[in-house]
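The values are calculated or read from the model by the stated rules, or taken from the named source; none is laboratory data. Computed from a prediction, not measured in an experiment: that's the story for all the values here. Virtual Cβ from ideal backbone geometry, glycine too; neighbours counted across all protein chains shown. Note: areas computed on protein heavy atoms with side chains; ligands, DNA, RNA excluded. Shrake-Rupley method; radii C 1.70, N 1.55, O 1.52, S 1.80 Å.
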Amino acid sequence: MTDLSAASPALPRPDSAKRRSPLYLARRRFAANKAALGAGIVLVIIILLAIFAPLISRTGPNDQAFLTKSLAFPSSEHWFGIDDLGRDFFTRIIYGARVSLGIGLSAAVFSLVLGLPLGALAGYLGGRFDWAIMRIIELFSVVPPLLAALLLATLTRGGVWAIVLIAGLFGWVNVCLLVRAQVKSFREKEFIMAAQALGASPWHIVWRHLIPNSVSPVIVGFVLAIPLAMMLEASLSFLGIGVQPPTPSWGQMINVGMNFMYFYWHMAVFPVLALAVTILAASLLGDGLRDALDPTLKGR
């Protein structure tokens with residue numbers, strides 16, 4: 001008599017469900033994106049340099065400890081050289097990372113706090129509320145961010161928190177649009193209709209069901225808001241109405257370095273490279289997260 005159990009197909013492995021989970025697929029897609037993975041590593045290194053700057057550098061960012069070596073070129077003792085006021089330029093660069101990343105992260109949080117609830121409510125409620133939010137977004141879209149930031153920074157006399165406020169006011173738009181699109185796609189799902197049938201209020205549905213299921217665009221919007229805020233801060237500081245000296249800022253350093261670039265190239269090159277590498281890393285990381293968390297790629 002034939003043993004049917006031997007001929008039956010093998011049962012799936014117990015961990016097959018785990019392997020097909022959205023989180024596993026997102027991790028696999030992100031790991032396959034070498035550019036995003038490398039950008040994430042670079043960004044982590046820059047963040048660690050900024051956090052542990054006092055342990056890495058032997059002098060403070062404003063210590064004029066090398067006046068006799070002013071404008072000295074990079075060497076084994078001073079990796080990025082000395083600036084025009086006798087300060088170690090590598091120290092200034094890594095402390096400048098604190099300012100730029102701090103402003104970028106703070107502005108991203110502000111954008112998230114403002115754009116997340118507005119996008120969720122606009123996507124769920126629709127109608128006049130959605131129409132009003134979209135008209136506000138169109139208004140922000142037609143106004144050049146830099147020109148508006150120049151006006152606001154002049155009125156507020158610059159400073160770190162003024163730049164965070166300005167960057168957040170222009171950064172919430174992308175977060176709002178991403179969350180709105182995600183919520184609109186979930187609005188007609190069965191679990192939302194079930195919550196409505198049970199008498200749940202719109203606010204309860206938005207906060208307990210729609211926003212938790214919109215984590216992907218929230219993460220992407222948060223990460224992509226960081227380089228936008230950093231570029232805005234660098235532009236304002238370059239024009240002299242952003243972060244004020246002696247606080248180290250990459251935009252401010254670029255402004256000063258432009259006066260010396262023909263003879264002392266390190267004064268302009270290193271802050272430009274620091275800003276460019278950080279913004280590129282944050283942008284590539286955001287694009288990689290967007291591709292990894294995109295539900296339309298779930299089957300890949």
Using +1 on the beta carbon of Lys and Arg, -1 on that of Asp and Glu, and nothing else charged, what's the dipole of the chain about the Cα centre, debye to 20?
800 debye
With label points set 7 Å from each Cα along the Cα-to-Cβ direction at LYS184 and ARG27, the distance between them in nm comes to 3.4 nm
How large are Rg and Dmax for segment 77-154 when calculated on the C-alpha trace, in angstrom?
20.2, 64
Classify segment 85-226 from the C-alpha gyration tensor, please: rounded if a/c falls under 1.5, else prolate or oblate depending on whether a/b exceeds b/c.
prolate
Share of accessible surface on carbon and sulfur in the chain, whole %, 1.4 Å probe and ligands ignored, is 69 percent
Result row for the chain, helices from DSSP H with C-alpha axial extent 18 Å or more and mean Kyte hydropathy at least -1.0, is 34-51, 89-125, 127-142, 160-186, 215-238, 266-293
Just order 141-150, 84-93 by mean Cβ neighbour count inside 10 Å, highest at the front, would you?
84-93, 141-150
On the formula 1/(1 + (r/R0)^6), with r taken between the Cβ atoms of ALA65 and ASN213 and R0 of 51 Å, the FRET efficiency rounded to 0.05 is 0.40
What distance in nm separates the simple spin-label points at SER141 and ILE45, each placed 7 Å from Cα in the Cβ direction?
3.9 nm
Which percent of the Cα-Cα distances in segment 175-233 go past 15 Å?
54 percent
Can you give me the accessible area per residue for segment 183-223, using a 1.4 Å probe, in Å²?
58 Å²
Two-decimal Rg/Rh across segment 210-300, once Rg and the Kirkwood Rh are taken from alpha-carbon atoms
1.17
Probe 1.4 Å, all chains present, heavy atoms only: LEU105 accessible area in Å², nearest 10, is 80 Å²
By the C-alpha gyration tensor axes a ≥ b ≥ c (rounded if a/c is under 1.5, else prolate when a/b exceeds b/c, else oblate), the shape of segment 13-163 is oblate
Could you check which residue among MET134, MET253, MET230 shows the biggest mean-square fluctuation in a GNM of the chain with a 10 Å Cα cutoff?
MET134
Starting from the Cα gyration tensor of the chain, take the square roots of the eigenvalues, sort them a ≥ b ≥ c, and report rounded, prolate or oblate (rounded when a/c is under 1.5, otherwise prolate if a/b is larger than b/c, else oblate).
oblate
Go ahead and run the numbers for FRET between ALA200 and ASP291, Cβ-Cβ distance against an R0 of 22 Å, rounding to 0.05.
0.05
Hey, if you put +1 on the Cβ of every Lys and Arg and -1 on every Asp and Glu Cβ in the chain, which of LEU43, ALA26, LEU55 ends up farthest toward the positive end of that dipole?
ALA26
Along the charge dipole of the chain, Cβ charges K/R +1 and D/E -1, which of LEU178, PRO212, SER235 sits furthest on the positive end?
PRO212
With +1 on the Cβ of every Lys and Arg and -1 on the Cβ of every Asp and Glu, and nothing else charged, how large is the dipole of segment 114-234 about its Cα centre, in debye rounded to the nearest 20?
160 debye
So how far apart, in nm, are the two label points at ALA35 and VAL113 if each is 7 Å from Cα heading toward Cβ?
3.4 nm
Ellipticity estimate at 222 nm from DSSP helix runs (n ≥ 4, -39,500 (n - 2.57)) divided over the chain, nearest 500
-22500 deg cm²/dmol
